[in-house]
1. Whole-Hz ³J(HN,Hα) for each residue in the range 5-19, computed from phi via Karplus 6.51 cos²θ - 1.76 cosθ + 1.60 with θ = phi - 60°, x for glycine and proline: what do you get?
2. Please work out how much length the chain gains when fully extended from GLU25 to THR117, using 0.36 nm per residue of separation minus the C-alpha to C-alpha distance, in nm with one decimal.
3. Treating cross-link reach as a plain straight distance, find the aspartates and glutamates whose alpha-carbon is under 12 Å from the alpha-carbon of LYS115, omitting any fewer than eight places away in the same chain.
Amino acid sequence: MNCKNCGAEVGNEYRLCPYCRSELEYPTNNSQPPIIINNVMNNQNTNRNTNINYNHAHRNVISSKSKSTTLLLCLLGFIGLGGLHRFYVGKATSGIIYFLTMGGFLFGTIYDLTKITSDTFTDSNGLPIKK
Ligand SMILES: [Zn+2]
């Protein structure tokens with residue numbers, strides 16, 4: 001494009017004319033925010049790929065916590081002692097909430113029970129409890 005002030009040919013990367021220092025008005029200014037959004041999206045894609053690679057590399061890693069112990073502690077939620085299984089696997093914060101709400105009024109206990117029995121319940125490191 002050309003500078004409106006001095007008419008010099010100026011590259012698109014300049015905000016001020018390098019010759020006369022006047023501010024350049026780009027007709028394509030409106031297209032700049034989408035470019036920024038694209039960059040953010042690219043960054044998210046990069047992060048997502050990193051996570052996929054991380055999961056792939058650790059796919060066979062499982063928790064050292066015992067499944068039967070986790071299951072037993074979870075079942076105590078049905079007699080009013082909710083969340084002990086969450087303390088056991090290191091999820092103390094939600095364990096406290098479960099304990100104070102009697103396992104999320106049993107819904108949380110039942111939900112965790114289905115996760116434990118299907119080997120998809122995870123410890124505080126995100127590792128599945130399977131053995
Ligand atoms: Zn100029």
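Coordinate-derived values only; no laboratory data. What you are looking at is a predicted structure, and each value in this text was computed from that prediction instead of being measured.
1. 7, 10, x, 6, 6, 10, x, 5, 7, 8, 9, 10, 5, x, 9
2. Between GLU25 and THR117, full extension yields an extra 26.8 nm.
3. ASP123
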